[in-house]
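Asks: Structure incoming, see below.
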Amino acid sequence: MAQVHLKNLVKSYGALSVVHGINLDIAEGEFVVLVGPSGCGKSTTLRMVAGLEDISGGEIVIGDRVVNDLPPRERNLAMVFQNYALYPHMTVRENLGFSLKIAKKSQGEIDAAVNEAAEILALTPLLDRKPGALSGGQRQRVAMGRAIVRHPDVFLFDEPLSNLDAKLRTQMRVEIKKLHQKVGSTVIYVTHDQIEAMTLADRIVIMRDGHIVQVGTPLEVFENPVNTFVATFIGSPPMNLLPGVAKDGQIVLADGTAIPLPPGYKLAEGRRIQLGIRADNIMPEGHALPPTAHMAHVDMKVTLSEPLGTETVVYAQLSGTEVQAKMLNPRPVQTGEVLRFAIALDKCHLFDADTGLSLKA
Amino acid sequence: MTRAKLPPWLLLLMPAFLILAAVVLVPLLLSLYSSFTPYHLTRPETLWKINFPFNYEKALTDLGFWKAFGRTVLLLTIALNLEMLLGLGLALMVSKVQRGQRTLRTMMMFPMMFSPILVGFMFKFIFNDNVGLVNNALQSMGLASTAIPWLVDGNLALFAIICAEVWMSTSVFAILILAGLYALPQDPLEAAKVDGCTPWQSFRYVTLPFLMPFIYIAMAIRSLDVARAYDIVQVMTGGGPAKRTELLWTMIGRTGYVDARMGYANAMGYIAILLSIAFTVYFFLKLQRARRELGMED
Ligand SMILES: Nc1ncnc2c1ncn2[C@@H]1O[C@H](COP(=O)(O)OP(=O)(O)O)[C@@H](O)[C@H]1O
Ligand SMILES: [Mg+2]
């Protein structure tokens, strides 16, 4: 177990800069998830920590050592790759024990560690197979097992679940979480899937274009997104954003609909903003959560409905923007129907129209 | 009376059958048959006298034949292993080159483009004891005081022949291994780095097992080449002096065309072919096993 510190970490390929000075402190035993859209530099960052990419600038500290110039083998970390990266010519047993063999552990120690990992990951019956004879999920478990046997200071995961089908992914997500609770190592986990990030992380690091946009616990980034990028990236369905202008203590949307200012915000007259409402906070009347002190109401025409069983996602038109709302205890909804929606104002967000930054004081 | 009509497909394939029969099947059967006879080129009537195991018995009990046989196996073993090592090294170096790799690859293939006869003459000149490059260089550097009889001493001559073989054919290995290196998956290599491997260990445990099928393919191809090695040896030493560099095929060639004992030569030829086949089958089995190890089942 070890802390990890990234200080002003920079990566460029020639003139092309892909990671622009990242600062991040990861505590011992913490599960940190780097999340962001494809190409934002998550893998590059992780691979720099692993030592698979040179560092163009800044510093990486693992434990109390600056590891900038250490090769991967001297960093005592384990990595799980997106494509599993198993050794095709070795059996599952040899794959699992390989790092220990390289570390010149005794055969007894290797067997014990391999059997323990195989037990944890339900790989025992597969130990004598080659990776070619395994399913995707099984290969993934071998890749994880290979990481576990090492008892490394830090686990690195690069989109380990993205090649699995949806059901297996959910299952493995739970496995990874349990595993972390059991071994308690520091974990840096890369994904582009915000649900994975939310469910796994102690802390989420949201990245965009080689920068860190926000760092926080899953609830913090969900409840207090620093800008519209985080607001729409985290949470499903994504937060609705409606352009508007502050006027007389109200927000006037493009089509003239006026909505009271959410509590806690003070805006200069005429300030152009974006009103952010999550689908959970805009619901058809009669199918909503109990009203609170700060409610607003709007009428919207339904354009589409997606029944999910316990709730229905209703798409409706508001001020020229398509808004997604949730309907609890759903009833069938017709396209074209006009419904009255209740908005929980105290849960709404305001962002600057130009910079996209949160206007929360 | 109606003429029997051949089906059209057979009719259309007939020219191919006939040509194949004329150039492959008939000579093959004829040579096999002649190996059962005391056929002598200057006495055609000997072709009609079958004396089956005689030629084979004679070959198998002839010490000269076994010496040539052993020398061929020795040459094969040394040349193939040297070529494999050098080719591997060459391929690894070329794969690391960032610029001009294409040109290097082309240059690497130059030796393969020469006729083996020319290569033989070239090395005969290089190793010539009076005017050869090697002796001149050794003497002018003061490393040797007298001329070394490269092509006269049996061991030295074998060494010189191996040099020529290696010079000409290392690129077969280099190119096939390079192809393997290009196809090498990067992920397991990175995993090995993180798993604690030094560069040597990564090579030993990940790269090399992956390259083995490519190496065995090259071995199989080259084993066919070397087992029929004739031209280079014929030009450089002619199997001599005093049969000290005699290989199977120089022996067979001399027996057949110089001594005109074609029946006996053909019998030895068939034994030599068995040797070739044995080597090829051996490497092919190794190849299959290496592929199975990599999970590349058929
Ligand atoms: N070897 C490379 N050479 C040049 N650009 C690269 C290289 N590797 C990655 N990149 C670029 O770096 C950016 C970040 O890549 P990556 O870290 O893989 O993104 P992510 O994992 O977040 O999807 C991408 O725009 C990618 O095109
Ligand atoms: Mg990536």
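Asks: Could you check region B:159-244 for helices (runs of 4 or more DSSP H) lying wholly inside it with 2 or more residues that are touching a residue at least 40 places away in the same chain (Cβ under 8 Å) and touching a Leu at 6+ places or on another chain (Cβ under 7 Å)? Let's see the steps before the verdict.
Replies: Numbers: elements: B:186-194, B:199-202, B:208-227, B:231-236.
The qualifying helices (runs of 4 or more DSSP H) are B:208-227, B:231-236.
Asks: Scan region B:144-158 residue by residue and report those that are in a helix (DSSP H, G or I) and in contact (Cβ under 8 Å) with a residue 40 or more places away in the chain. Show your work before the answer.
Replies: Initial filter on region B:144-158 (in a helix (DSSP H, G or I)): B:154-158.
Matches in region B:144-158: B:154, B:157, B:158.
Asks: Six or more apart or on different chains, Cβ atoms under 8 Å: show the pairs whose first residue is in region A:13-28 and in a strand (DSSP E or B) and whose second is polar (S, T, N, Q) and away from ligand 1 (no atom under 15 Å from the Cβ).
Replies: Once the first residue is in a strand (DSSP E or B) and sits in region A:13-28, its partners that are polar (S, T, N, Q) and away from ligand 1 (no atom under 15 Å from the Cβ) give A:21/A:8; A:22/A:8; A:23/A:8; A:25/A:3; A:26/A:3; A:26/A:186.
Asks: Determine if region A:274-281 includes at least one residue that is more than 20 Å from residue A:38 (Cα to Cα), in the same structural domain as residue A:163 (by TED's automatic domain parsing) and not small (Gly, Ala, Ser).
Replies: Residues of region A:274-281 that are more than 20 Å from residue A:38 (Cα to Cα), as a first pass: A:274-281.
Subsequent filtering for residues that are in the same structural domain as residue A:163 (by TED's automatic domain parsing) retains none.
Checked region A:274-281: no residue is more than 20 Å from residue A:38 (Cα to Cα), in the same structural domain as residue A:163 (by TED's automatic domain parsing) and not small (Gly, Ala, Ser).
Asks: Just the residues that are crowded, with 18+ Cβ neighbours inside 10 Å and farther than 22 Å from residue A:261 by Cβ, please, taken from region A:288-310. Explain how you work it out, then say what you get.
Replies: Filtering region A:288-310 for residues crowded, with 18+ Cβ neighbours inside 10 Å gives A:288, A:296, A:298, A:300, A:302, A:305.
Matches in region A:288-310: A:302, A:305.
Asks: Are there any helices (runs of 4 or more DSSP H) wholly within region B:93-134 with 3 or more residues that are closer than 16 Å to residue B:159 by Cα and either modelled with pLDDT of 85 or more or of a type in the set (Asp, Glu) (or both), and if so which?
Replies: It comes to B:116-126.
Asks: While we're looking at this one, here's another question. Can you spot a residue in region A:57-75 that is within 19 Å of residue A:144 (Cβ to Cβ) and within 16 Å of ligand 1 (Cβ to nearest atom)?
Replies: No, region A:57-75 contains no residue that is within 19 Å of residue A:144 (Cβ to Cβ) and within 16 Å of ligand 1 (Cβ to nearest atom).
Asks: Another question, then. Can you tell me which of (1) within 16 Å of ligand 2 (Cβ to nearest atom); (2) at pLDDT 95 or above is the one residue A:229 doesn't meet?
Replies: Condition not satisfied by residue A:229: (1).
Asks: For region A:78-89, which positions are within 16 Å of ligand 2 (Cβ to nearest atom) and over 14 Å from residue A:148 (Cβ atoms)?
Replies: At the first step, the residues of region A:78-89 found to be within 16 Å of ligand 2 (Cβ to nearest atom) are A:79-85.
Answer for region A:78-89, where residues must be within 16 Å of ligand 2 (Cβ to nearest atom) and over 14 Å from residue A:148 (Cβ atoms): A:81, A:82, A:83, A:84, A:85.
Asks: Taking region A:88-114 on its own, how many of its residues are more than 23 Å from residue A:153 (Cβ to Cβ) and under 32 Å from the mean Cα position of the chain (by Cα)?
Replies: As a first pass, look at region A:88-114 and keep what is more than 23 Å from residue A:153 (Cβ to Cβ): A:88-94, A:107-108, A:111.
Add one more test, that the residue is under 32 Å from the mean Cα position of the chain (by Cα), and what stays is A:88, A:92.
Qualifying residue count, region A:88-114: 2.
Asks: Here is a follow-up. Please find, among A:21, A:39, the residue that is out of contact with any Lys or Arg (no Cβ under 7 Å at 6 or more places or on another chain), within 8 Å of ligand 1 (Cβ to nearest atom) and not aromatic (Phe, Trp, Tyr).
Replies: Working: A:21 fails: within 8 Å of ligand 1 (Cβ to nearest atom).
Being out of contact with any Lys or Arg (no Cβ under 7 Å at 6 or more places or on another chain), within 8 Å of ligand 1 (Cβ to nearest atom) and not aromatic (Phe, Trp, Tyr) holds for just one of A:21, A:39, which is A:39.
Asks: If you don't mind, another one. Of all strands (runs of 3 or more DSSP E) completely enclosed by region A:289-345, which ones contain at least 1 residues that are assigned by TED's automatic domain parsing to the domain that holds residue A:245 and of a type in the set (Ser, Thr, Tyr)?
Replies: Details: elements: A:295-307, A:311-318, A:321-328, A:338-344.
Hits in region A:289-345: A:295-307, A:311-318, A:321-328.
Asks: Let me ask something else about it. What do you reckon, is residue A:102 in the same structural domain as residue A:53 (by TED's automatic domain parsing) and touching a Gly at 6+ places or on another chain (Cβ under 8 Å)? Can you show your working first?
Replies: Values: in the same structural domain as residue A:53 (by TED's automatic domain parsing): yes; touching a Gly at 6+ places or on another chain (Cβ under 8 Å): yes.
So residue A:102 passes the test.
Asks: Quick test for you: out of A:49, A:92, A:66, pick the one residue that is within 13 Å of another protein chain (Cβ to nearest Cβ) and either over 27 Å from residue B:208 (Cα atoms) or within 13 Å of ligand 2 (Cβ to nearest atom) (or both). Give the steps one after another, and end with the answer.
Replies: Details: A:92 fails: either over 27 Å from residue B:208 (Cα atoms) or within 13 Å of ligand 2 (Cβ to nearest atom) (or both); A:66 fails: within 13 Å of another protein chain (Cβ to nearest Cβ).
Just one listed residue meets the conditions, A:49.
Asks: Of everything in region A:278-287, what is over 23 Å from residue A:251 (Cα atoms) and loosely packed, with under 14 Cβ neighbours inside 10 Å? Give them in sequence order.
Replies: Step one: filter region A:278-287 for residues over 23 Å from residue A:251 (Cα atoms), giving A:286-287.
Once the filter is applied, which keeps residues that are over 23 Å from residue A:251 (Cα atoms) and loosely packed, with under 14 Cβ neighbours inside 10 Å, region A:278-287 yields only A:286.
Asks: Same structure, new question: Only one of these is within 12 Å of ligand 1 (Cβ to nearest atom), farther than 17 Å from residue A:207 by Cα and buried (at least 18 other Cβ atoms within 10 Å of the Cβ): A:16, A:46, A:52. Name it.
Replies: On the way: A:16 fails: buried (at least 18 other Cβ atoms within 10 Å of the Cβ); A:46 fails: farther than 17 Å from residue A:207 by Cα.
Just one listed residue meets the conditions, A:52.
Asks: Regarding residue A:41, is this residue within 16 Å of ligand 2 (Cβ to nearest atom), of a type in the set (Gly, Ala, Ser) and either surrounded by fewer than 21 Cβ atoms within 10 Å (Cβ to Cβ) or more than 13 Å from chain B (Cβ to nearest Cβ) (or both)? I'd like the intermediate steps shown before the answer.
Replies: Numbers: within 16 Å of ligand 2 (Cβ to nearest atom): yes; of a type in the set (Gly, Ala, Ser): yes; either surrounded by fewer than 21 Cβ atoms within 10 Å (Cβ to Cβ) or more than 13 Å from chain B (Cβ to nearest Cβ) (or both): yes.
It is true that residue A:41 is within 16 Å of ligand 2 (Cβ to nearest atom), of a type in the set (Gly, Ala, Ser) and either surrounded by fewer than 21 Cβ atoms within 10 Å (Cβ to Cβ) or more than 13 Å from chain B (Cβ to nearest Cβ) (or both).
Asks: Okay, next question. Would it be correct to say that residue A:315 is farther than 18 Å from residue A:231 by Cβ and surrounded by 12 or more Cβ atoms within 10 Å (Cβ to Cβ)?
Replies: yes
Asks: In region A:129-149, how many are under 15 Å from residue A:115 (Cα atoms) and within 13 Å of another protein chain (Cβ to nearest Cβ)?
Replies: Initially, region A:129-149 is screened for residues under 15 Å from residue A:115 (Cα atoms), giving A:129, A:141-149.
Those left that are additionally within 13 Å of another protein chain (Cβ to nearest Cβ): A:129, A:142-149.
The number of residues fulfilling the criteria is 9.
Asks: Where residues in region B:245-298 are among the charged types (D, E, K, R) and surrounded by fewer than 16 Cβ atoms within 10 Å (Cβ to Cβ), which of them is nearest to the chain's Cα centre (by Cα)? Outline the logic, then answer.
Replies: Initially, region B:245-298 is screened for residues among the charged types (D, E, K, R), giving B:246, B:254, B:259, B:261, B:286, B:289, B:291-293, B:297-298.
Add one more test, that the residue is surrounded by fewer than 16 Cβ atoms within 10 Å (Cβ to Cβ), and what stays is B:259, B:289, B:292, B:297-298.
Working: B:259: 25, B:289: 22, B:292: 26, B:297: 28, B:298: 26 Å.
Among residues in region B:245-298 that are among the charged types (D, E, K, R) and surrounded by fewer than 16 Cβ atoms within 10 Å (Cβ to Cβ), the one nearest to the chain's Cα centre (by Cα) is B:289.
Asks: Is it the case that region A:195-217 has a residue that's in a helix (DSSP H, G or I) and within 15 Å of ligand 2 (Cβ to nearest atom)? Break it down into steps so the answer makes sense when it comes.
Replies: Of all residues in region A:195-217, those in a helix (DSSP H, G or I) come to A:195-200.
From what is left, the residues that are within 15 Å of ligand 2 (Cβ to nearest atom) are A:196-197.
Yes, some residue in region A:195-217 is in a helix (DSSP H, G or I) and within 15 Å of ligand 2 (Cβ to nearest atom).
The values are calculated or read from the model by the stated rules, or taken from the named source; none is laboratory data. Since we're looking at a predicted model, the values are computed, not measured. Every residue, glycine as well, gets a Cβ built from its backbone with ideal geometry; the counts of neighbours run over all protein chains shown.
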